[in-house]
Amino acid sequence: MDAAASLPWGLYVHIPFCPYKCDYCDFVAVGGGRRVALWHGPYVAAVRAEGEYWVGRLRPEPPVSAFYGGGTPTVLPADDLASLHRALAARFRLPPEGEVTIECNPGTVRHAGLAVLRRAGINRLSIGLQAVQDRLLTALGRRHTFAAFREAFTAAREAGFGNLNVDLMYGLPQQSCADFEESVCRVLELRPEHLSVYALQIEEGTPFHLRASHGTLALPSDEVAAEQFDCACRLCAQAGLEHYEISNFAAPDRRCRHNLLYWENADYLGLGIGAHSHWRLQRWANTVRLAAYRDGIAAGAGTWIAEHQPADAARERSETAFLGLRLLEGVDLRAYAARHGQTLDAAFPGIPARLVEQGLCRRTDDRLALRPDAVLVGNLAFSAFV
Amino acid sequence: MSDDHQSRIRNFCIIAHIDHGKSTLADRLIERTGAIAKRDMADQVLDSMELERERGITIKAQAVRLEYAARSGPTYILNLIDTPGHVDFHYEVSRSLAACEGAILVVDATQGVEAQSLANLYLALDAGLAILPVINKIDLPSADLPRVRSQLEGLGFLAEEVLAVSAKEGIGIEELLEAVVERVPPPRGDAAAPLRALVFDSAFDAYKGVVAYVRVLDGILRAGERIRLMATGRTFDVTELGVFRPARAAIAELSQGAVGYLAAAMRDVSDCRVGDTVTSAQRPAAEPLPGYRPAKPMVFAGVYPIDSADFGRLREALEKLQLNDAALSFAAETSAALGFGFRCGFLGLLHMDVVQERLEREYRLLLITTAPSVCYRVTRTDGTVLDVDNPAELPDRSVITEIAEPVVRASIFTPAEHLGPLLELCRERRGDQTAMEYLDPTRVRLEYRLPLMEIMFDFFDQLKSRSRGYATFDYELLGYEAADMVKVDILVAGDVVDALSCIVHRGTAAVRGRKLIERLRALIPRQQFEVALQAAIGGKIIARENIPPMRKDVLAKCYGGDITRKRKLLEKQKEGKKRMKAVGAVDIPQEAFMAVLKVAED
């Protein structure tokens, strides 16, 4: 089974720095100005070296996308980000039409810096807002206001970003349905090309987890959270944003190419600490420690890789299925059979039919998809394929 | 062995409440009698166990033979016999005691007399044993000798009879050994009479078959001889006789008064039940020793494989467990809700837990166990009597004239300050007080007749919580008494789930039904659709709750392509689901089947 060799792929670059850490976040991120100042030079150099390593070793075809995620990538000086991107784009032969996203938080971007990024070829900006009520932002441990977001959004447009995403969250402590509706409305008024709507998840090891386990976090019920989500679906539809993935809405032709690679179970190469890669049926993840990463890159030979999973066709069949079901259009059954050498029904006997019978999925000739009313209980369907 | 030898044998056991220092004291006695020099003790015992383990021999020393040179001159053989500690094993304890002439009653100097020590003391007195009261842990700063002495005097012991020791520090051990020699009577067997040996314990060994621990009462037991077990009537050739010193040592014969083990290629513990009498096949005794009782399960539960394909494996596992657990019974049964499984009988709740855990751990079975029930004696209108150990099988009320339930005699020891709440608890559980006495001004002993079923409904937890953990409890079966019992059925999504049915007293049925439904609502996870839960008595709905449908169960964020983490979360979720039984379209977790045990109080 070598169909994977022809998969499109994307480049992911993890920038783990943040000016501070939010109370719900368990991403690989290091906070505080001093550590950023101390580490950012060596880190960027190590990422470039890792890029060189993979170019030499994998000799990849040009990627379709690049994504600078974090952390908050924009805490690094714009010039440094620009030169990092220019170097990687050149080495990986990124085509000029390729989608290049960078994540940012309000308060970390100014017009001048955004213009530098735009000129370097970065053409999509993803802004983490989460809510428009400053009291909710404070409750999340975020240190920006809605006003700061509006400034960032306007600055991005002025700097030439024609493809903007905004992140919002629902199911937040003390967040009513009206609060969330207000968030969605105020954001849609700005006409972003893309909106991501994530449910708050309480992750172990975060301040929120501690408070939740002590019962001091006033989380809304599942019923309220579900109502909030339905509200987002309704308002986005009215605004012409298509619900194309569980948490994502996009204007026509503005789906996030890079994130689609994850859901299509395509290939990607992750650079930087904590970055994940999927390449020719293998998966691996880099160390989450800065010093170990720097030293590993210096030592060479992939010594910065913390976890590796060898090629496993059965795992791939499962992952193509449950990741594909995250897309509202579902799994392309013909593409599935062509890629894996067997149909979904053959790989998972009886499962697709059962999911249809249970009212979780619908099936057409060439697709198996979640029913829109089952999107929020998607795990019931996904877990049938693990 | 001559009668003179018999006069130099002392057979005794140690009875104690858990943690009062029984095994430390036993270790000290073994060490002091020089069975092993102190510094070598751990090493030697462990070495010999290691060797046995290598050979696959797993039997343990249930009786240790000690040699003690008394101050008066002669050397005595002291056989120290181990007794099981838990209330579930009442009968087994009684058989161990029957192998002895004396018992050391150990009481913790800091804790005083507890229910378990008392329960075993009464058994020992019933068995006619000489009792040596011993206060242990006298080295501890919190030891309260005057209080414990007065408790023992309250039980009828003389002040000068009571010994004070510290097993940990080795204080008073010599005096205790002397007291065993002086105060435990020697065996009084008849060497010339036909062989009679009591089986007081047994174990299964993969190489030797069943190993029986025996006390010879009359006659002589010889290696190679053909023996008959009088209760089962089966005959075997003795392949090995031996004693534990504490290392295992084979010997040629055991004569009257002696204690040891025998192996005879017995394949199944049911061939050789605890309490049975070993006699000679050639020259059998006329009468077996008194007191034999076939192992009798007291509580019953349905045990079902979650995956019905495991039914055969479950049967094999139960058969294997039964080889060395004569008290376990099982019979195939069918449940409309759970499919094919077994109704298993256990000595008590602890025994049930042990069996369930062994099935899951050693045989890697995923199981659903229904709430335990007692066995009801149901008299039908046609006069026939039916034993019902599965609530789902209780006949319709119209054909029943009487239901009788098993009742127990329960002994409770408590600090006097917690007496009120415990009296309340026993009243709630339909208890009849039969005795109440103050051991001293601060400690009370209560005796109640209680329905066995009532002590299964989290009685022990309640006893502990209402006495801040201080009360202790023991029970023994008394017999059957008529009671006004009804069956409560549970309907899930409109269908009766037979495995959730329970038999309860009419007076508490409505309350329990309601609480059970409330509890089930909390225990059964939300499903894709709304699920109605109902409790019914004889077709009449007495309580109803709805489980709202699941609204949100989806992994939102896709973190930088970390698919492995997503997969693990889904796998974990699926694993959780595997632990549940799909009843119709509803997944019911194991805890839900046990919910009835926890609904008695709130």
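How crowded by other chains is A:22-31, given as the mean number of beta carbons from other chains within 10 Å of each beta carbon? Don't skip to the answer; put the middle values down first.
On the way: counts 0, 0, 0, 0, 1, 4, 3, 0, 0, 0.
Mean partner-chain Cβ count within 10 Å for A:22-31: 1.
So how far apart, in nm, are the two label points at A:ALA335 and B:SER23 if each is 7 Å from Cα heading toward Cβ?
Placing both labels 7 Å beyond Cα along the Cβ direction yields 6.3 nm.
How much net charge surrounds B:ALA281 when only the other residues with a Cβ under 11 Å from the Cβ of B:ALA281 are counted, with Lys and Arg +1 and Asp and Glu -1? Mind showing how you got there, number by number?
Numbers: positive: B:ARG226, B:ARG228, B:ARG234, B:ARG283; negative: B:GLU225, B:ASP237.
Its environment carries a net charge of +2.
Viscosity 1.567 mPa s, temperature 4 °C: give me the Stokes-Einstein translational D for chain B in µm²/s, with Rh taken as the Kirkwood radius over C-alpha pairs. Don't skip to the answer; put the middle values down first.
Values: Rh = 26.9 Å.
Rounded to a whole number, D works out at 48 µm²/s.
Stick to Cα atoms and the Kirkwood definition of Rh, then tell me Rg/Rh for the range A:3-263. Mind dumping the intermediate values first?
Values: Rg = 18.6 Å, Rh = 19.2 Å.
In the range A:3-263, Rg relative to Rh is 0.97.
Roughly how many nanometres apart are two label points built 7 Å out from the Cα toward the Cβ at B:ALA193 and A:GLN201?
If labels sit at B:ALA193 and A:GLN201, their model points lie 7.6 nm apart.
Check which residues have an amide H placed less than 5 Å from B:GLU333's amide H, if you skip close sequence neighbours.
B:GLY341, B:PHE342, B:ARG343
Among B:ALA263, A:PRO8, B:PRO186, flag the residue with its Cα farthest along the positive direction of the charge dipole of the protein assembly as shown, charges on Cβ as +1 for Lys/Arg and -1 for Asp/Glu.
With unit charges placed on the Cβ atoms, the residue in question is A:PRO8.
Rounded to the nearest 20 Debye, what is the dipole magnitude of chain A about its Cα centre when Lys and Arg each give +1 and Asp and Glu each give -1 at the C-beta?
Working: 39 positive and 43 negative charges, 222 e Å.
Around 1060 debye, computed over chain A.
Please go through the range B:150-214 and write out the chymotrypsin sites (Phe, Trp or Tyr not before Pro) that DSSP classes as loop and that have at most 13 other C-beta atoms within 10 Å. It would help to have the intermediate numbers written out before the result.
Details: sites: B:PHE157, B:PHE200, B:PHE204, B:TYR207, B:TYR213; in loops: B:PHE157, B:TYR207.
Answer in residue order: B:TYR207.
Read phi for every residue in the range B:143-148 and hand back ³J(HN,Hα) as whole Hz from Karplus 6.51 cos²θ - 1.76 cosθ + 1.60, θ = phi - 60°, with x for Gly and Pro.
4, 10, 4, x, 5, 5
Calculated FRET efficiency, A:SER176 and A:ASP345, Cβ-Cβ r, R0 45 Å, to nearest 0.05? It would help to have the intermediate numbers written out before the result.
On the way: r = 44 Å, r/R0 = 0.98.
That gives a FRET efficiency of 0.50.
What share of the DSSP beta bridges in chain A is antiparallel, in percent to the nearest 5? Show your work: numbers first, answer last.
Details: 21 of 53 bridges.
Roughly 40 percent of the beta bridges in chain A run antiparallel, per DSSP.
Dipole of the range B:86-182, Cα-centred, from +1 at each Lys and Arg C-beta and -1 at each Asp and Glu C-beta, to the nearest 20 debye?
On the way: 5 positive and 16 negative charges, 51 e Å.
It comes to approximately 240 debye.
Under 15 Å from a point placed 7 Å out from the Cα of A:ARG289 along the Cα-to-Cβ direction: which residues of the range A:192-209 have their backbone N that close?
What the label zone holds, given the 15 Å backbone N cut-off, is no residue at all.
Can you give me the accessible area per residue for the range B:299-369, using a 1.4 Å probe, in Å²? Walk me through the numbers before you get to the answer.
Numbers: 2940 Å² over 71 residues.
Result: 41 Å² per residue.
Hey, got a sec? Which GluC sites (Glu not before Pro) in the range A:63-126 land in a DSSP loop and have at most 14 other Cβ atoms within 10 Å? Intermediate results must be reported in sequence, preceding the final value.
Numbers: sites: A:GLU97, A:GLU99, A:GLU103; in loops: A:GLU97.
Those that pass, being in a loop and sparsely packed, are A:GLU97.
Determine the percent antiparallel among the DSSP beta bridges restricted to chain B, to the nearest 5. Display every interim value, and only then the final one.
Values: 113 of 132 bridges.
In chain B, DSSP labels about 85 percent of beta bridges as antiparallel.
If R0 is 41 Å, what FRET efficiency do you get for B:GLU476 and B:ILE541 from their C-beta distance, rounded to 0.05? Let's see the in-between values first.
Numbers: r = 39 Å, r/R0 = 0.96.
It comes to 0.55.
Other chains near B:562-573: what is the mean number of their Cβ atoms within 10 Å of each residue's Cβ?
Numbers: counts 9, 11, 9, 2, 8, 10, 1, 5, 8, 3, 2, 5.
Other-chain Cβ atoms within 10 Å of each residue's Cβ, averaged: 6.
Over both sides of the A-B contact, add up the buried accessible area with a 1.4 Å probe and give it to the nearest 100 Å².
Details: alone 16740 and 27030 Å², together 40400 Å².
For chain A against chain B, roughly 3400 Å² becomes buried.
Which trypsin sites (Lys or Arg not before Pro) does the range B:355-417 hold that lie in a coil by DSSP with at most 12 other beta carbons within 10 Å?
On the way: sites: B:ARG358, B:ARG361, B:ARG364, B:ARG377, B:ARG380, B:ARG397, B:ARG409; in loops: B:ARG364.
When the trypsin sites (Lys or Arg not before Pro) of the range B:355-417 are filtered for loop state and at most 12 Cβ neighbours within 10 Å, B:ARG364 remain.
Arrange the peptides B:160-171, B:187-198, A:255-266 so that the one whose residues have, on average, the most other Cβ atoms within 10 Å appears first. The partial results should precede the final answer.
Details: B:160-171: 17.2, B:187-198: 19.5, A:255-266: 22.1.
Sorting B:160-171, B:187-198, A:255-266 by mean packing, highest first, produces A:255-266, B:187-198, B:160-171.
Mind jotting down the distance between the C-alpha centroids of the range B:10-28 and the range B:80-150, whole Å?
Answer, in whole Å: 8.
Once label points are set 7 Å from the Cα along Cα→Cβ at both B:LEU350 and B:GLU160, what is their separation, rounded to one decimal in nm?
Between B:LEU350 and B:GLU160, the simple spin-label model gives 3.8 nm.
Along the charge dipole of chain A, which of A:TYR53, A:LEU281, A:ALA311 sits closest to the positive end, that is, farthest toward it, with unit charges on the beta carbon of Lys, Arg, Asp and Glu (+1, +1, -1, -1)?
A:TYR53
Given a cut-off of 20 Å, name the pairs among B:LYS22/B:LYS168; B:LYS320/B:LYS578; B:LYS320/B:LYS577; A:LYS21/B:LYS568; B:LYS515/B:LYS598; B:LYS320/B:LYS581 whose C-alpha atoms lie farther apart than that in the structure shown. Before the final figure, lay out each step's value.
Values: B:LYS22/B:LYS168 11 Å; B:LYS320/B:LYS578 25 Å; B:LYS320/B:LYS577 29 Å; A:LYS21/B:LYS568 25 Å; B:LYS515/B:LYS598 9 Å; B:LYS320/B:LYS581 25 Å.
Pairs exceeding 20 Å: B:LYS320/B:LYS578; B:LYS320/B:LYS577; A:LYS21/B:LYS568; B:LYS320/B:LYS581.
Please report, in debye to the nearest 20, how large the charge dipole of the protein assembly as shown is about its Cα centre when each Lys and Arg carries +1 at its beta carbon and each Asp and Glu carries -1 there. Mind showing how you got there, number by number?
Values: 116 positive and 129 negative charges, 547 e Å.
With Lys and Arg at +1 and Asp and Glu at -1, about 2620 debye.
So how exposed is B:GLU437, as accessible area in Å² (1.4 Å probe, rounded to 10)?
That residue has around 80 Å² of solvent-accessible surface.
Would you mind checking the range B:385-422 for residues with the amide N under 16 Å from a putative spin-label position 7 Å along Cα→C-beta of B:ARG468?
B:414-422
Per-residue counts of other Cβ atoms within 10 Å, averaged by peptide: what ranking do you get for B:7-17, A:212-222, highest first?
Numbers: B:7-17: 23.4, A:212-222: 13.9.
My ranking of the peptides, most packed first, is B:7-17, A:212-222.
Quick one: of the DSSP bridges fully inside the protein assembly as shown, what percent are antiparallel, nearest 5? Let's see the in-between values first.
On the way: 134 of 185 bridges.
That works out to approximately 70 percent antiparallel.
Peptide B:544-554: average number of partner chain Cβ atoms within 10 Å per residue? If you can, show how the numbers build up before the last one.
Values: counts 0, 0, 0, 0, 3, 4, 6, 10, 16, 8, 15.
Other-chain Cβ atoms within 10 Å of each residue's Cβ, averaged: 6.
Tell me what chain B gives for mean residue ellipticity at 222 nm when only DSSP H runs of n ≥ 4 count, each as -39,500 (n - 2.57), the sum divided by the residue total, rounded to 500 deg cm²/dmol. Walk me through the numbers on the way to the answer.
Numbers: 15 runs with 163 residues, N = 602.
Calculated at 222 nm, the ellipticity per residue is -8000 deg cm²/dmol.
The values are calculated or read from the model by the stated rules, or taken from the named source; none is laboratory data. As the structure is a prediction and not an experimental result, all values here were calculated from the model. Neighbour counts are summed over all protein chains in view; Cβ atoms, including those assigned to glycine, are modelled from backbone coordinates with ideal geometry. For accessibility, only protein heavy atoms count, side chains too; no ligands or nucleic acids. Shrake-Rupley method; radii C 1.70, N 1.55, O 1.52, S 1.80 Å.
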